[in-house]
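Inspection log for the structure reproduced underneath, given as structure tokens.
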Amino acid sequence: MSNLFESVTLRDSRIPNRLAVSPMCQYSCDADGLPTEWHRVHYGSRAVGGAGIVMTEATAVEPRGRITPADLGIWSDDHAAALEPIASFVREQGAVPGIQLAHAGHKASKRRPWEGNTPLSPEEGGWEVLSPSSDAYPPFSGDRPAITKATEDDLQAVVEAYRTAAARSLEAGFEIAEVHAAHGYLLHEFLSPVTNRRDDAYGGSFENRTRLVREVTAAVREVWPDDKPVFVRISATDWLDDRASWTLEDSVRLADDLADLGVDLVDVSSGGIHPEQDVAGGPNFQVPFAEAIRDGADVAVGAVGGITEPEQAEALVRNGRADLVLVGREFLRNPYFGLEAAERFTEDPADRWPVQYRRSRRR
Ligand SMILES: Cc1cc2nc3c(=O)[nH]c(=O)nc-3n(C[C@H](O)[C@H](O)[C@H](O)COP(=O)(O)O)c2cc1C
């Protein structure tokens, strides 16, 4: 009996197995955040490959929330219409389509990783970026874009952008909405005292620093139907023990608050707020955080990071360390990771292969 291939029902969504494609930016839009053939093939291949959930990359809720000009977006009806065939194909393959809703905050307006990841100046098409404070940022190499300290009106506009983006995601046929509150992007910048130096209702105390994430989550939950799940991805720790920063203890507390707001699963990542972070990587490196949140808060968790073997994923679910296993880079190396895991852990692997590929099974 496989635990990895046991379905799980969140709200009324039946997820056929516990393996999810972790959100991964493709930086492959030609313009204006619209998906290209690359996105169709990329997401389609992983759905064919047996994942239970195919989660999109960080998808910007407004143009200035893109990391690079080539990021995916969902800020207009045209975006929803262009994403619909992708969600629909993922569903036809038996996987559940999810969308990660994102705002890059001060990490926006950059070149793509393979172009150096450096900030874009206004002459190069760069834009002003939004963040909790204008004076608390780790140095970038190159000319940094102008940083705008968000006013309370700006923040209400961000909440509304998330709400509208979620409504459009639903129109596009996605079944899971994931709020991206990790990796040093806008929502995490508010959570962490490393980057949040505000003294208004959105800064200072834990309650104030978590306010924006809670408001965004509540807005998404309001428009996301009661029968469909909402996830939130967090960075469980800033990995900055030498200073006031976001900690695992904070994450457990936030996870409980999110559960009260109707969040079904916390997707547990870490880091990304500051270049001096001291990350202890390796296989399963973030699993202890997921486990601590699962034990300490009343919410399901997803584990991610350094999970590359089917046995590893199976053991995480079997031992009750996580409800869902998100796999990133291994799914890039091998889109058929899900089918290959099913060969090892299920009694009916042939039925899981697309009919078109069945003759290729190794026996
Ligand atoms: C190419 C690439 C792009 C990524 N983009 C995102 C993203 O858009 N949103 C996100 O939350 N994490 C992103 N991540 C992080 C992954 O989702 C995942 O958490 C990380 O790679 C660790 O998992 P792994 O060891 O299985 O790769 C990205 C990772 C990679 C390799």
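The values are calculated or read from the model by the stated rules, or taken from the named source; none is laboratory data. Owing to the predicted nature of the structure, the values given are computational and were not obtained by experimental measurement. No Cβ is skipped: glycine too gets one built from the backbone with ideal geometry, and neighbour counts run over all protein chains shown.
Only one entry in Gly272, Gly262 is in a loop (DSSP other than H, G, I, E, B), away from the ligand (no atom under 16 Å from the Cβ) and either in contact with a helix residue (DSSP H, G or I) (Cβ under 9 Å, 6 or more places away or on another chain) or in contact (Cβ under 8 Å) with a residue 40 or more places away in the chain (or both), namely Gly262. Of Thr210, Thr237, which residue is within 16 Å of the ligand (Cβ to nearest atom) and modelled with pLDDT of 95 or more? Residue meeting the stated conditions: Thr237. Looking at Val216, Val194, can you tell me which residue is among the aliphatic types (A, V, I, L, M), assigned to a helix (DSSP H, G or I) and crowded, with 21+ Cβ neighbours inside 10 Å? Just a single option satisfies the conditions, and that option is Val216.
Looking at Ser235, Ser251, just one residue is out of contact with any Lys or Arg (no Cβ under 9 Å at 6 or more places or on another chain) and under 25 Å from Ala51 (Cα atoms), and that residue is Ser235. Residue check: Trp239 meets all listed conditions (1) on the phi < 0 side of the Ramachandran plot; (2) surrounded by 18 or more Cβ atoms within 10 Å (Cβ to Cβ) but one, namely (1). Checking each residue in the stretch 275-307 for being more than 18 Å from the chain's Cα centre (by Cα), at negative phi and assigned to a loop (DSSP other than H, G, I, E, B) picks out Pro275, Glu276, Gln277, Asp278, Val279, Ala280, Gly281, Pro283, Ala297, Asp298. Residues in the stretch 1-29 that are assigned to a loop (DSSP other than H, G, I, E, B) and either at pLDDT 95 or above or within 16 Å of the ligand (Cβ to nearest atom) (or both): 18 in all.
Of all residues in the stretch 342-355, those being within 18 Å of Leu316 (Cα to Cα) and not in a helix (DSSP H, G or I) number 1. Applying the set (1) in contact with a helix residue (DSSP H, G or I) (Cβ under 8 Å, 6 or more places away or on another chain); (2) more than 15 Å from the ligand (Cβ to nearest atom) to Ala182 leaves exactly one unmet item: (2). Put simply, of Leu339, Leu326, Leu332 the only residue that is closer than 12 Å to Gly49 by Cα, within 15 Å of the ligand (Cβ to nearest atom), of a type outside the set (Asp, Glu) and not in a loop (DSSP other than H, G, I, E, B) is Leu332. Pairs are defined by a Cβ separation below 7 Å, a sequence spacing of at least 6 or placement on different chains, a first member in the stretch 279-300 that is closer than 16 Å to Val325 by Cβ, and a second member that is of a type in the set (Asp, Glu) and part of a loop (DSSP other than H, G, I, E, B); the pairs so defined are Ala300/Asp264; Ala300/Asp323.
Annotation note: Cβ proximity below 6 Å between a residue of the stretch 192-209 that is within 17 Å of Leu258 (Cβ to Cβ) and a residue that is in a loop (DSSP other than H, G, I, E, B) and of a type in the set (Phe, Trp, Tyr) (sequence gap 6+ or interchain) occurs for Ser192/Trp246; Asn208/Tyr202.
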